[in-house]
Amino acid sequence: MATAAGLATRSAADTAPLVPVEVKNLHKRFGDLHVLKGISLTANKGDVVALIGGSGSGKSTFLRCINMLEHPTSGSIAIDGEEIRLRKDSSGDLAPVDRRQVRRIRTRLAMVFQSFNLWQHLTLIQNVTEVPVHVLKVPREEARERAEALLHRVGLYEKRDAYPAFLSGGQQQRAAIARALAIQPDVLLFDEPTSALDPELVGEVLAVIRDLAEDGRTMILVTHEMKFAREVASHVVFLHSGQIEEQGPPEAIFGSPNSERLQRFIQSIH
Amino acid sequence: MSDALPEEIAAPHLPSASTTRSEFLKPHRIVLALIGVGLIVAAAMTLRWDWLPKYGDLILAGLWMTVLLLVVTSILGFLIAVPVGLAQVTGPRIFAWPAATFCTIIRGTPLLLQIWLLYYGLGSLFPFIPEIRQSFLWPYLRQAWPYGVLALTLSYAGYEGEVMRGAFAGVPKGEIEAARAFGMGRFTLLRRIWLPRAFQRVLPTLVGETVLQLKSTPLVATITISELYAVFARVRQDTYIVYEPLLLLALMYLVLTAILVYLFRLLENRLTPKSR
C-alpha cells in the first residue's frame, strides 16, 4: 500500500524531473539554543552535496532533519517532490502529521551514521537484508542475492556471516553502506562517515563513497575530509552557527573563498 | 551509559561443549568424582530408604508439578515483564508509572505474603460474589493452583520487568535510530531489533532469576499445592523420617538447577554472536 502510493507520486510527476531533496528555510531550536537559522538546500539528481563547517555549526542536525530523525522548528522538506506534512506539536517543534508518510519517505533516504549503528545481533548479510525483507517486503531470496552482490561490491562478501562486533570500524562502515544501498534509495545521507575511524581505515571507506559518487548517486555528505569533499562533491555548503555562510562549486569554495570565516576555516583544517 | 557493557563483558565466550575426554579427566576431577560416589554409596548403605518405593509415584507427581509451575510461571511472567519493562523505558507516564509501581510492590514484599494475600484474600472473597460462583471459572477458582500460578507469575514479572527495563534502556540508541531512519515502524522495530537485542543482553541474568524462581516454588506448598516439597513434607509426617527425604529433596533441586543452567547455556550459545 505504501509502495503503491509512492509509485503513484513518482509516475504523476514523470514529466518534470523530480528534485530528490528540497529543503526550505529550516529552523531548529533546542530550547534557547537556535541551532539552525533558516537553511535552504536543494539537491538535484546526481548531485553530491558536501556540508562542511566547524563543530556546532549545525550540519549534522540539518542532515538529521532531512529524514525527520530530528524534528525541525519551522521550514519545509520535500523528498522527490513530495512534501512531508508537518504540524506543530506540544513541544513547539514540527511533528509529522502522518507517520506512514514519514516511514515511506525514509525508505527512499538511506543514512550512514558516524558510529555505523549496525545491528549487533545480526550478521552482516542479515543487516543488509533486514530492511528489504521486513520493511519493503522484498522476497527473501531476492533480498539475499542483492545483499550478496552489495557486500561483494564493498569488499565484504567473505565476511557476510560474521557479526559486526568482530569487524574493524572500516569494515563495519562499509557494511553500513551496503545496508544503505540495499533499500535502493534515491538519496544517500552520510553523517560524518569517517570521523569515528582510525586514520588508516578512512581510505577504504572514502573509496567506497567515491565509487558511489561516480555512479551518479544523489548524496548529501557531512564531512571533515576537505580533500575528499573537494574531489568528490559537486556542490559545497559551508555552515557557520546555523546559517549558510557560503556555498558553491568546490573549486570556488576551496580555491577562492569569499568570506573571512571560510578562509579561516580552510586554513585551520590544513 | 552504565548499562552499556563492553561486548566482551556482555557476551563472554562460553566454554565450548566439545571438550575431549582427556581434557575432562584431570586428577582433581577424578578425586572429586570418587568422593562424590563414595558419599552416595555411604548414603545408600547407612541411611533408611525403605520408604522410597511407597512414595515413588507421589514424588514423580510432585516433581512434575514443580517443573510445570516453573515453566508456566516463568514464561507467563516473562511475557508480562516485556511490556512492564518497555513501558518504563518509552511509555507515556500513564503506563510508565503503574509499571514502576508494580515492580516496586512485587519486589518490596515477601513472596510468601503475596501468595497468602492472593489465596486467603481473593480466594476467600470470591465465594461471596455470585457472578464468580456461577461462572465457568469457579471450578478452577475453588482450587489452590490458580492462586499459586498467579502469585509466582506476578513475582517473576515484577523482578524481570525491572531487569527488562535495564535491558531495553541498554540497547545502544544508535541501533534504534538506524532502524527508525530506515523506515521501520514501531512494532517491527520492537520485534526485529529492540527486543532481540535486549533479550540477548538479559539472558545471563535470566538464568539466575529462573533458578531463584525454581527455589521459590516450595512456598506454594503452604497453600496446599502438592509440588515436590509438599510431597517430601508429607513423607516426613507419615514416616517420622527427617533427614533422608530432605537429602533426596536437596539432590533433586540440585539436578533441576543443573538442567536449567545447561538449557540456558545452550540458548546462550545459540544467541551469542561468535566469530566465524
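The distance separating the Cα centre of the stretch A:117-179 from that of the stretch B:71-142 comes to 43 Å.
For the protein assembly as shown, the direction-averaged projected area of the alpha-carbon convex hull comes to 35.4 nm². In percent, rounded to a whole number, the relative contact order of chain A is 25, using alpha-carbon pairs under 8 Å and six or more apart.
Comparing A:182, A:149, A:229 in a Gaussian network model of chain A, where Cα atoms under 10 Å apart are tied by springs, the biggest mean-square fluctuation is seen for A:149. The residue A:71 and residue A:234 beta-carbon pair, evaluated with R₀ = 30 Å, returns a calculated FRET efficiency of approximately 0.55. Counted over the stretch A:78-145 with a bin width of 5 Å, the fraction of Cα pairs per bin, in whole percents, is 3, 14, 17, 18, 17, 15, 10, 4, 1, 0. Note on the stretch A:201-261: Cα-Cα pairs beyond 20 Å make up 29% of the total pair count.
Dividing the convex hull volume of the alpha carbon atoms of chain B by its residue count, what do you get in Å³ per residue?
Details: hull volume 53.3 nm³, N = 276.
That works out to 193 Å³ per residue.
How big is Rg to Rh over the stretch A:136-234, alpha-carbon atoms, Rh as the Kirkwood inverse-mean-distance radius? Before the final figure, lay out each step's value.
Working: Rg = 13.7 Å, Rh = 14.2 Å.
We get a ratio of 0.97 for the stretch A:136-234.
Legend: P(r) of chain A from all alpha carbon pair distances, 5 Å bins from 0, whole percents, reading 1, 6, 12, 16, 18, 17, 14, 10, 5, 1, 0, 0.
Note on A:161-168: average number of Cβ atoms from other chains within 10 Å of each residue's Cβ is 4. Note on the stretch A:41-129: Cα Rg divided by 2.2 N^0.38 Å, N the number of residues, gives 1.24. The distance between label points at residue A:33 and residue B:47 comes to 6.7 nm (points 7 Å beyond Cα on the Cα→Cβ vector). Remark: the residue B:251-residue B:58 segment gains 67.8 nm on full extension, using 0.36 nm per residue and subtracting the alpha carbon distance. Comparing B:244, B:209, B:175 in a Gaussian network model of chain B, where Cα atoms under 10 Å apart are tied by springs, the biggest mean-square fluctuation is seen for B:175. For the options A:17, A:164, A:185, a Gaussian network treatment of chain A with springs between C-alpha atoms closer than 10 Å singles out A:17 as fluctuating the most.
Of all lysines in the structure, those lying under 24 Å Cα to Cα from residue A:159, and not within fewer than 8 positions of it along the same chain, are B:274.
Legend: mean number of C-beta atoms from other chains within 10 angstrom of residue C-beta atoms, peptide A:111-121, equals 6.
Starting from 0.36 nm per residue, how many nanometres of slack lie between residue A:210 and residue A:40 once their C-alpha separation is accounted for?
58.7 nm
The simple Förster model, with R0 at 35 Å and r as the Cβ-Cβ distance, assigns residue B:134 and residue B:222 a FRET efficiency of 0.75.
Say R0 is 41 Å: what FRET efficiency, to the nearest 0.05, do residue A:264 and residue A:149 get from their beta-carbon distance? After rounding to 0.05, the efficiency reads 0.35.
Counting only Cα atoms, the size of the stretch B:125-276 along its three principal axes is 66, 47, 20 Å, in decreasing order. Note on A:71-81: average number of Cβ atoms from other chains within 10 Å of each residue's Cβ is 0.
Considering the zone a paramagnetic label at residue B:242 would reach in this model (a point 7 Å from Cα along the Cα-to-Cβ line), which residues of the stretch B:46-77 have amide N under 18 Å from it? The answer is B:47-49.
Only the coordinates and a few stated rules stand behind these numbers; no lab work does. Just so we're clear, the structure is a prediction, and the values are computed from it rather than from any experiment. Counting neighbours? That spans all protein chains shown, and the Cβs are built from the backbone with ideal geometry, glycine included.
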